[in-house]
Protein chains: 4
Amino acid sequence: MKNTATLLIACPDRKGLVAAIANFLYTYNANILHADQHQDDDAELFLMRVEWDLEGFALDMGAFDAAFAPIAERFGMDWKLKLSARRPRMAIFVSKYDHCLVDLLHRWHTGELACDIPLVIANHDDCRRLAEFYGIPFYVIPVTRDNKQDAEAQQRQLLAEHHVDFIVLARYMQVLSSEFTAAWPKRVINIHHSFLPAFDGAKPYHRAHERGVKLIGATSHYVTEVLDDGPIIEQDVTRISHRDTVDDLIQKGRDLERIVLSRAVRWHLDHRVLVYGNKTVVFD
Amino acid sequence: MKNTATLLIACPDRKGLVAAIANFLYTYNANILHADQHQDDDAELFLMRVEWDLEGFALDMGAFDAAFAPIAERFGMDWKLKLSARRPRMAIFVSKYDHCLVDLLHRWHTGELACDIPLVIANHDDCRRLAEFYGIPFYVIPVTRDNKQDAEAQQRQLLAEHHVDFIVLARYMQVLSSEFTAAWPKRVINIHHSFLPAFDGAKPYHRAHERGVKLIGATSHYVTEVLDDGPIIEQDVTRISHRDTVDDLIQKGRDLERIVLSRAVRWHLDHRVLVYGNKTVVFD
Amino acid sequence: MKNTATLLIACPDRKGLVAAIANFLYTYNANILHADQHQDDDAELFLMRVEWDLEGFALDMGAFDAAFAPIAERFGMDWKLKLSARRPRMAIFVSKYDHCLVDLLHRWHTGELACDIPLVIANHDDCRRLAEFYGIPFYVIPVTRDNKQDAEAQQRQLLAEHHVDFIVLARYMQVLSSEFTAAWPKRVINIHHSFLPAFDGAKPYHRAHERGVKLIGATSHYVTEVLDDGPIIEQDVTRISHRDTVDDLIQKGRDLERIVLSRAVRWHLDHRVLVYGNKTVVFD
Amino acid sequence: MKNTATLLIACPDRKGLVAAIANFLYTYNANILHADQHQDDDAELFLMRVEWDLEGFALDMGAFDAAFAPIAERFGMDWKLKLSARRPRMAIFVSKYDHCLVDLLHRWHTGELACDIPLVIANHDDCRRLAEFYGIPFYVIPVTRDNKQDAEAQQRQLLAEHHVDFIVLARYMQVLSSEFTAAWPKRVINIHHSFLPAFDGAKPYHRAHERGVKLIGATSHYVTEVLDDGPIIEQDVTRISHRDTVDDLIQKGRDLERIVLSRAVRWHLDHRVLVYGNKTVVFD
């Protein structure tokens, strides 16, 4: 894999933006690998992702911030720099269902997900053997109605100790407190087993069956303090029929959940996702 | 096209049902072309569709009701008989948008929809030229806040005069009164421009854009007195991206609406749709 | 899970078939759970699948063949009886790629695939740890240009010893000899990584990339002696773009292969697949 | 609609390309609306599409070529400039089937296709009434085994007289000669009723039915002198089952053909399609 840098930029849309960024990179002899931009006309916002090869790039990355600051200031940019050499550290939260976990761990194992997984945190012991098969430390922190605050404190302690960058809720069946989500903004990815905003909340497959819909869906989104309401990263659907029982929906839905969650995680890891307002841009 | 009869049956699930129906048909030498059945275990309901060739069928169809009555009674069947020789009479309601109308009329013209279309009823004059191109009488009945009751009376008068069997709302932008829908149960097919139950009601594309969903949908359903809540016949979705404006959604949605509505209408015409509770079975 | 019997029938289409079968089952008080039939008008063939609950069925299954023989004979039926109590025994063949294997084993582990897996046979050692994680005996039989006949003899010996009913080639990279495929007709399921008949043979993703197609596919089929030409059980596709390299196609293709193969295996296990000529009927 | 210019560029990949283009546009105060680029690593090619608002652009478009020439020369660019104010002139060729024609004309009528349609050329009279409903001149040039050369001469004469920019073959059932296709490179868009490269040539639906595929497709491509082999612009598929007869495939295929062809035409009109080698880039 190439040693690259990726710049994610959001700022008010103004003329000269692209030229300023392109010139800056050209000055240091960057070989641009991918560049993609988007203007949101309603929000008058300019959003950009540019990735370049660090081979031959004539600026030391330690000096990047200082060198780029004048441009960023001139255009009022909200920006982030991501280096491919710095592998993000991803924690996975699970409960009893293991279908998303098995999928994420296998993809990670084959190199499809370019990250480290320092730990899996669960509120049940069921998935331990699986995590350990892939050599990932597995921590059980039971959560009850009464100990939630305490359990979350333990979770956050573990996350800090393991220098976790972001969290994936792989069918983790507990709702995080607003304190938790506020402390991890745009850094917790959830999979919800419906085509949001339809069937938000509990038992979406049961409700889909009851309503008689002809397709079921799954939605991966960043977690905010409003349940199932955060910025959507990816969604997909699959066809069902009158022959499908609730159990059939659950089974078909597992495939959807796996695919949708894994896409969202991969795009997040590739620094393709830019959140603005309550929406995302997913750069190609 | 073959001269066929189709029997649609719903009744409590009991042993011997299939044998009773198959024997009845065999007695009269029926050549069964299609047979499909479904058991809804929750509702303990048996649902069946069977279609046979009338060529060589040894029972006069005028005598069918009397001959079948004993079986229907024994099993407590709710049943309907449909003869392919009797083409259903379909009325189309439109407003200004013509994309669903142009699609339905072309399909009808090519023989894809086996029905007669005695009239198009509109609340605006825009689609007149199109309807008349296909030789369909076009009636304009303006609807305002104040004349709704009167307008519906005129509509129902026209429907009665033209012996209409069912109505297709091809992006008709008026909500029918509950008197109207009660008078036409399971006989009014609507197309709603969202993936129901998400974005029911007004301006679904605007709301989909605002929510930042990654797919938009369309839903065809029978109209009941609760808006956008009737039994769903067909749904489909298409992928969108952050680049799509509301206008793009509207344009992409037009293709969805056409496809979804035309499938629902065709299945209705083929007597494939059986409504039970607030759901449908669509037999293959 | 219910204790059921499934009857799969193929025979020349004739009147009275459905009545004869329904009466037979009713005579023994069968509670029919699913029944589906299909007529192929070109081939003048009648194909049927009927599943019933054995609870309360008044015929001992040991006596079924004798009881059903007169009907089967009268209509010239090719028929099979499958009992849910008798779990099929499935062997999996693999090489180095483990993505289909990991998927099949996890589905089996969660109960989605109702079969026993007595062994995995590989021509490389790579997947051993995975198979053993799920407690499946793993045999390595290397295959070279020179030892193919001998290797297949060992494989067939193992299959016989383990009483295997059917084989799944989970990206097994060796072509089976025609002696092998002739000995296992309609009992070897393969996954080919293209939308057949496009790109049959070697390196389909490379050729898809070269041709500039906009969708890639995967096909699961029964193996016959003509490579990639057997009866198709299931196919699906996924969208790609000019941005996708061959490696991206390979990665996106893995998801397709898993989904398509697992559907084919599940339908085979549910006795939903009926082969006739070089085609399949997959009953709903 | 905005008054815009679009630049399509293909050239060897080199550093400084994006900066040079961005600076050039910024010099003249361009407001960039969309910019998208792609590097083909195998071909070492840089491909770009950039669209800007001409409102406030400080360079007269008559002087554009001279101003841009030095940059184009320096980087060895193959480039085209497209002005939204200059509506492309599209000819449609048809035979007897009208489903693609009715779709294209309706989209054109609603403003979805930003082009002029100076004429429809047919080898049968069947579609005359439809073309004339939309006010499009309709010319019939019969084509037989013997008069092909002469017929094409008449067609090309008409195209020249009407200043046609590109041609859409809307299920036109004649194969164009290689003289014709050579004279109209990358300017003839065809719809083929299969998922190419599967089932190229005649009767694809019949062959799909015979092979027992589970999905059928349609492909829109630029016409080259090799039949069904030109650069693919768009493809899509739809699911079929064993219940579908050849006639059902033909009917389901009509919907696919319409959708796929209309997308290809719209992208061509939006100057989103860049052909290189035997492939296309379709910019988002």
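The values are calculated or read from the model by the stated rules, or taken from the named source; none is laboratory data. Given the structure is predicted, the values throughout are model-derived calculations rather than measurements. Every residue, glycine among them, receives a Cβ derived from its backbone with ideal geometry; neighbour counts consider all protein chains shown.
Per-residue answers, yes or no, for (1) assigned to a helix (DSSP H, G or I); (2) under 17 Å from A:L25 (Cα atoms); (3) not basic (K, R):
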{"position": "D:A20", "(1), (2), (3)": "yes, yes, yes"}
{"position": "D:N29", "(1), (2), (3)": "no, no, yes"}
{"position": "D:D42", "(1), (2), (3)": "no, no, yes"}
{"position": "D:M48", "(1), (2), (3)": "no, no, yes"}
{"position": "D:A58", "(1), (2), (3)": "no, no, yes"}
{"position": "D:G62", "(1), (2), (3)": "yes, no, yes"}
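Tell me, yes or no, whether the range C:156-177 has at least one residue that is in contact (Cβ under 8 Å) with a residue 60 or more places away in the chain, on the phi > 0 side of the Ramachandran plot and away from chain D (no Cβ under 14 Å). Yes, the range C:156-177 has at least one match. Residues of the range B:3-18 that are outside any loop (DSSP other than H, G, I, E, B) and either within 9 Å of chain C (Cβ to nearest Cβ) or free of Cβ contacts under 8 Å to residues at least 40 places away in the same chain (or both): B:L17, B:V18.
Evaluating B:E44 against the criteria (1) within 9 Å of chain C (Cβ to nearest Cβ); (2) touching a strand residue (DSSP E or B) at 6+ places or on another chain (Cβ under 9 Å); (3) within 15 Å of B:M77 (Cβ to Cβ); (4) surrounded by fewer than 22 Cβ atoms within 10 Å (Cβ to Cβ) leaves one unmet condition, (1). Flag not set for A:H221, criterion: under 17 Å from the mean Cα position of the chain (by Cα), within 17 Å of A:A170 (Cβ to Cβ) and either more than 11 Å from chain B (Cβ to nearest Cβ) or basic (K, R) (or both). Residues of the range B:160-180 that are of a type outside the set (A, V, I, L, M) and surrounded by 20 or more Cβ atoms within 10 Å (Cβ to Cβ): B:R171, B:Y172, B:F180. Per the listing C:V246, C:V265, C:V275, C:V260, the residue uniquely more than 21 Å from C:I167 (Cα to Cα), hydrophobic (A, V, I, L, M, F, W, C) and at pLDDT 95 or above is C:V246. Going through (1) away from chain D (no Cβ under 12 Å); (2) buried (at least 21 other Cβ atoms within 10 Å of the Cβ) one by one, C:V273 falls short only on (1). Yes or no: the range A:66-85 includes at least one residue that is within 14 Å of chain C (Cβ to nearest Cβ), closer than 30 Å to C:C100 by Cβ and either surrounded by fewer than 18 Cβ atoms within 10 Å (Cβ to Cβ) or within 22 Å of the chain's Cα centre (by Cα) (or both). No - not one qualifying residue is present in the range A:66-85. Checked against (1) at the interface with another protein chain (Cβ under 8 Å from one of its Cβ atoms); (2) closer than 30 Å to B:A58 by Cα; (3) within 25 Å of the chain's Cα centre (by Cα); (4) free of Cβ contacts under 8 Å to residues at least 60 places away in the same chain, C:V50 passes all but a single condition, namely (1). The one condition from (1) within 19 Å of the chain's Cα centre (by Cα); (2) modelled with pLDDT under 95 that D:R145 does not meet is (1). Would you call B:E234 within 16 Å of the chain's Cα centre (by Cα), within 30 Å of B:H34 (Cα to Cα) and within 11 Å of chain A (Cβ to nearest Cβ)? Answer is yes for this residue.
Here D:I117 passes the criteria (1) surrounded by 18 or more Cβ atoms within 10 Å (Cβ to Cβ); (2) β-branched (V, I, T); (3) under 30 Å from B:I250 (Cβ atoms); (4) touching an Asp or Glu at 6+ places or on another chain (Cβ under 9 Å) except the one numbered (4). If we scan the range B:146-158, do we find a residue that is within 25 Å of B:R263 (Cβ to Cβ) and buried (at least 18 other Cβ atoms within 10 Å of the Cβ)? So far as the range B:146-158 goes, no, none of its residues is within 25 Å of B:R263 (Cβ to Cβ) and buried (at least 18 other Cβ atoms within 10 Å of the Cβ).
When you look at C:N23, is it crowded, with 18+ Cβ neighbours inside 10 Å and at the interface with chain B (Cβ under 7 Å from one of its Cβ atoms), yes or no? In short, yes. The set of residues in the range D:241-258 that are more than 10 Å from chain C (Cβ to nearest Cβ) and farther than 24 Å from D:V282 by Cβ comprises D:D244, D:D247, D:D248, D:L249, D:I250, D:Q251, D:K252. The sole residue among D:I121, D:I136, D:I117 that is farther than 30 Å from D:N3 by Cα and of a type outside the set (F, W, Y) is D:I121. Using the structure shown, decide if C:L261 is more than 9 Å from chain D (Cβ to nearest Cβ) and in contact with a helix residue (DSSP H, G or I) (Cβ under 8 Å, 6 or more places away or on another chain). When the stated conditions are applied, C:L261 passes them. Looking across the range D:158-174, the residues that are under 14 Å from D:F93 (Cα atoms) and part of a helix (DSSP H, G or I) come down to D:L158, D:L159. Considering the range D:71-124 alone, what residues qualify as being touching a Ser or Thr at 6+ places or on another chain (Cβ under 8 Å), assigned to a strand (DSSP E or B) and farther than 30 Å from D:G16 by Cβ? Listed by number, the list holds a single entry, D:A122. Working only within the range B:203-228, note down all residues that are surrounded by fewer than 21 Cβ atoms within 10 Å (Cβ to Cβ), farther than 18 Å from A:T280 by Cβ and at pLDDT 95 or above. The answer is B:K203, B:H206, B:T224. Checked against (1) closer than 21 Å to D:V273 by Cβ; (2) more than 8 Å from chain A (Cβ to nearest Cβ), D:L33 meets all criteria but (2). A single entry from A:Y134, A:Y139 fulfils the requirement of being more than 21 Å from A:L227 (Cα to Cα) and within 14 Å of another protein chain (Cβ to nearest Cβ): A:Y134. With respect to the conditions (1) at pLDDT 95 or above; (2) more than 10 Å from every other protein chain (Cβ to nearest Cβ); (3) in contact with a strand residue (DSSP E or B) (Cβ under 9 Å, 6 or more places away or on another chain), A:L59 lacks only one, and its number is (3).
Restricting attention to the range B:164-201 and to residues that are of a type in the set (S, T, N, Q) and closer than 16 Å to B:D236 by Cα, the residue that is nearest to the chain's Cα centre (by Cα) turns out to be B:N190. Criterion applied to D:V226, D:V213 was being of a type in the set (V, I, T) and either within 7 Å of chain C (Cβ to nearest Cβ) or farther than 30 Å from D:H271 by Cβ (or both), and the one residue passing it is D:V213.
Taking the criterion of being in contact with a Lys or Arg (Cβ under 9 Å, 6 or more places away or on another chain) and more than 24 Å from D:S220 (Cα to Cα), the residues of the range C:200-223 that qualify are C:G201, C:S220, C:Y222, C:V223.
Does the range C:140-158 contain at least one residue that is closer than 30 Å to A:G253 by Cβ and touching a helix residue (DSSP H, G or I) at 6+ places or on another chain (Cβ under 9 Å)? The answer is no; no qualifying residue exists.
This table checks each residue for (1) under 24 Å from D:D255 (Cα atoms); (2) within 11 Å of the chain's Cα centre (by Cα).
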position	(1), (2)
B:D228	no, no
B:S241	yes, no
B:D247	yes, no
B:R254	yes, no
B:A264	yes, yes
B:H268	yes, yes
B:Y276	no, no
B:F283	yes, no
